[in-house]
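What follows is a short report on a single structure.
The values are calculated or read from the model by the stated rules, or taken from the named source; none is laboratory data. Because the structure is a prediction, the values reported are computed rather than measured. Don't worry about glycine lacking a Cβ; one is built from the backbone with ideal geometry, like all the others, and counts go over all protein chains shown. These area figures cover heavy atoms from the full protein model, side chains too; ligands, DNA and RNA do not enter into them. Shrake-Rupley method; radii C 1.70, N 1.55, O 1.52, S 1.80 Å.
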Amino acid sequence: MSNYKIINSQNIFIITLIVIPLTILSVWILGLGFDNSLFKNSLISTSILSLSFFLFISIGLYKGIKIKHNLGELEQENIFFQKNMDIETDIPEVGDGIIEIIFSIILWLIVSMVASYLLWAFETILWITILNFIGILYWIFFRALRLVFKKSSVCKSNFSKSILYGFSFTILYNFWIYAIIFMTHHVF
């Protein structure tokens, strides 16, 4: 029997999906009373989440936690790429003569092609964004945390090493969020 406590990556993922929106929502709602800017609310939300991440990692390393992978495989057959979309479009009525009928058919073809292309482009961009987001979450909740908790053998029951590694990994994994916030604030 192992001396390490095993936690499921699925449980961490679900808890995080609850904690992140609740934290951001509470900061925004509380920030409305103080008339905080978007920049300030973003910094407060990110700081609270970073502190929570730091505490989770530090306590986990101190207690000797290991993560069991049970999120499922990202490479499984993907339903996102199945295209079963029926679009029904009516021909616009332009007039009653033969010229108007020909014009309406040409107009209908042009509008249909443009709309089809725009829908295809929007769908592609949307699904690529969603799949990238899922991939990022997968990496964070399984790969990154698993790499962090590989240090459990070094940090178990050692408070100073747990804090040091927790702080290092928090800076490593959260620095880019602060960089994006500051760059966005200075650009816009």
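Could you tell me whether any residue of the range 71-86 is at pLDDT below 80, β-branched (Val, Ile, Thr), surrounded by fewer than 14 Cβ atoms within 10 Å (Cβ to Cβ) and part of a loop (DSSP other than H, G, I, E, B)? Checking the range 71-86: not a single residue is at pLDDT below 80, β-branched (Val, Ile, Thr), surrounded by fewer than 14 Cβ atoms within 10 Å (Cβ to Cβ) and part of a loop (DSSP other than H, G, I, E, B).
Among the residues of the range 164-173, those that are open to solvent by 60 Å² or more (accessible area, probe 1.4 Å) and within 13 Å of Ser58 (Cβ to Cβ) comprise Leu164, Tyr165, Phe167, Ile171.
Scanning the range 132-188 for residues that are of a type in the set (S, T, N, Q), over 19 Å from the mean Cα position of the chain (by Cα) and on the phi < 0 side of the Ramachandran plot gives Ser152, Ser153, Asn158, Ser160, Ser162, Ser168. Taking the range 107-126 as the range and being over 30 Å from Phe13 (Cα atoms) and surrounded by 11 or more Cβ atoms within 10 Å (Cβ to Cβ) as the test, the residues that pass are Leu107, Trp108, Leu109, Val111, Ser112, Ala115, Ser116, Leu119, Trp120. Output the residues belonging to the range 22-62 that are within 20 Å of the chain's Cα centre (by Cα) and aromatic (Phe, Trp, Tyr). Correct list: Trp28, Phe39, Phe53, Phe54, Phe56. Remark: Ile65 falls outside the filter, which requires a residue to be farther than 22 Å from His186 by Cβ, modelled with pLDDT of 75 or more, out of contact with any His (no Cβ under 8 Å at 6 or more places or on another chain) and open to solvent by 30 Å² or more (accessible area, probe 1.4 Å).
Being touching a Lys or Arg at 6+ places or on another chain (Cβ under 9 Å), in a helix (DSSP H, G or I) and open to solvent by less than 50 Å² (accessible area, probe 1.4 Å) is a condition met by no residue of the range 10-23. Could you please let me know if Trp176 is open to solvent by 90 Å² or more (accessible area, probe 1.4 Å) and aromatic (Phe, Trp, Tyr)? When the stated conditions are applied, Trp176 passes them. Those helices (runs of 4 or more DSSP H) of the range 136-188 in which 2 or more residues are without any contact (Cβ under 8 Å) to a residue 40 or more places away in the chain occupy 159-187.
Pairs meeting the criteria (first residue in the range 94-120 and at pLDDT 85 or above, second residue surrounded by 13 or more Cβ atoms within 10 Å (Cβ to Cβ) and of a type in the set (Lys, Arg), beta carbons under 6 Å, at least 6 apart or on different chains) are lacking. Within the range 127-155, the set of residues being open to solvent by 60 Å² or more (accessible area, probe 1.4 Å) and closer than 26 Å to Val19 by Cβ comprises Thr129, Asn132, Phe133, Ile134, Ile136, Trp139, Arg143, Arg146, Leu147, Lys150, Lys151.
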